[in-house]
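The values are calculated or read from the model by the stated rules, or taken from the named source; none is laboratory data. All values reported here derive from a predicted model rather than from experimental measurement. Glycine gets a Cβ as well: all are built from the backbone with ideal geometry, and neighbour counts include every protein chain shown. Each accessible area value is taken on the protein alone, full model and side chains, heavy atoms only, with ligands, DNA and RNA left out. Shrake-Rupley method; radii C 1.70, N 1.55, O 1.52, S 1.80 Å.
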Amino acid sequence: MASITPISHCFWRGARNALPFLLVILPFGALFGIAATDAGLDLAEVMGFSILVLAGASQFTALQLMNDHAPAFMVIVTSLAVNLRMAMYSVSLAPHLGRAAPWHRVLIGYLMTDQSFALSQQEYERAPAMSLPQKVAYFLGACLPTCLPWSLSTLAGALAGKAIPEGLALDFAVPVTFLAMIAPGLRSVPHLAAAAVSVIAALALSPLPTGTGLLLAALLAMWTGATVERLLERRNAA
């Protein structure tokens with residue numbers, strides 16, 4: 001039996017549950033605005049980047065490769081590889097949201113982030129009786145404190161970046177940000193194995209043409225994580 005909870009309640013519940021993520025999103029969004037401005041992008045380019053891509057890890061990856069003068073093709077392919085997890089998120093949410101209206105699915109695909117996926121997946125498992133409209137409303141609510149603040153904080157960072165002296169290097173911001181984003185996610189053996197392989201492979205393949213080594217390291221890391229996870233599942237099933 002479907003839940004009788006009002007759709008608006010589901011939307012605002014998703015928004016409330018996502019509020020703690022502001023502690024991470026606001027500084028990282030501002031940091032991207034500052035780093036992109038420092039890299040030479042103007043305000044329109046920075047905001048277009050942030051609004052159209054709407055994916056922090058891919059944005060920082062692309063920015064780093066652009067700073068390294070990587071070919072445009074390599075920038076695009078590597079950024080897509082970093083964001084491949086969104087395809088897995090979509091498969092996981094398909095049983096819950098796959099029957100939504102086409103324009104809802106487009107909007108969900110555009111707004112999907114690590115935070116909105118994690119919150120929605122947990123909510124759907126906690127309340128399996130939710131109707132399709134309730135599930136869509138909860139997902140969109142979870143996006144409210146994550147997606148819009150990302151763009152606004154990027155704007156604030158870009159405007160602040162113009163006031164920073166040119167001699168003050170901000171290149172350190174990108175690797176520090178990646179460490180801050182990745183570290184909380186290293187909670188299992190497959191995660192740790194993938195992280196270790198990515199570091200070793202990236203260093204070993206660094207002599208390759210700009211961007212190629214990073215792309216290969218990302219693919220090796222994903223393969224390693226998936227392989228270790230399968231081996232652990234077989235061992236546990238034995």
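The 3J(HN,Hα) values that the Karplus relation (6.51, -1.76, 1.60; θ = phi - 60°) gives for the range 65-74 are, in residue order, 5, 5, 5, 8, 6, 6, x, 4, 4, 5 Hz. Gly and Pro appear as x. The residues packed around Ala118, meaning those with a beta-carbon under 12 Å from its beta-carbon, carry a net charge of -2 if Lys and Arg are +1 and Asp and Glu are -1.
With a simple spin-label model that places each label point 7 Å from the Cα along the Cα-to-Cβ direction, the separation between Leu148 and Thr5 comes to 2.1 nm. As a calculated quantity, the FRET efficiency between Thr227 and Arg99 at R0 = 35 Å, using C-beta atoms, amounts to about 0.55.
Regarding the range 186-237, what whole-number volume in Å³ per residue does the convex hull of its Cα atoms give?
54
Only Lys, Arg, Asp and Glu carry charge here, each on its Cβ (+1 for the first two, -1 for the last two); on that basis the range 7-170 has a dipole of about 720 debye about its Cα centre. Expressed per residue, the C-alpha convex hull volume of the range 1-141 stands at 114 Å³. When the chain is described by a simple charge dipole with +1 on each Lys and Arg Cβ and -1 on each Asp and Glu Cβ, the residue from Ser188, Leu214, Leu22 located farthest towards its positive end is Ser188. Here log10 I(q)/I(0) by the Debye sum over Cα atoms at q = 0.10, 0.11, 0.12, 0.14 Å⁻¹ was calculated from the structure, and among (1) -0.48, -0.59, -0.71, -0.99; (2) -0.46, -0.56, -0.66, -0.90; (3) -0.55, -0.66, -0.77, -1.02 it sits at label (3).
Counting protein heavy atoms only, the range 7-170 has 72 percent of its accessible area on carbon and sulfur, 1.4 angstrom probe. The simple spin-label model puts a point 7 Å past each Cα toward its Cβ; for Glu125 and Phe73 those points are separated by 4.1 nm.
Would you tally the net charge around Phe49, using a Cβ to Cβ cut-off of less than 15 Å, leaving Phe49 out, and scoring K and R as +1, D and E as -1? Net local charge, Phe49 excluded: -3.
Per residue, the range 186-237 exposes 67 Å² of accessible surface when a 1.4 Å probe is rolled over the protein heavy atoms with every protein chain present. Taking each residue as 0.36 nm, the span from Leu186 to Leu208 lengthens on full extension beyond its C-alpha to C-alpha distance by 5.2 nm. Residue by residue, the range 101-116 carries 3J(HN,Hα) couplings of 4, x, 5, 5, 5, 4, 5, 4, x, 5, 8, 5, 9, 4, 5, 5 Hz when phi is fed to the Karplus relation 6.51 cos²θ - 1.76 cosθ + 1.60 (θ = phi - 60°); x denotes Gly or Pro. If the chain linking Leu107 and Val53 were pulled fully straight, counting 0.36 nm for each residue of separation and taking away their Cα-Cα distance, it would gain 18.1 nm.
Accessible-area rank, largest first, for Ser8, Ser188, Ser116: Ser8, Ser188, Ser116, with all protein chains present and a 1.4 angstrom probe.
If you stretched the chain out fully between Ala237 and Val91, how much longer would it get, using 0.36 nm times the residue separation minus the C-alpha to C-alpha distance?
Going from the current span to full extension adds 50.2 nm.
Per-peptide packing, taken as the mean over residues of other Cβ atoms within 10 Å, places 215-227, 42-54, 83-95, 136-148 in the sequence 136-148, 215-227, 42-54, 83-95 from highest down.
Under the simplified labelling scheme, the Leu19-Leu80 pair shows an inter-label distance of 4.0 nm, with each label point 7 Å from Cα along Cα→Cβ.
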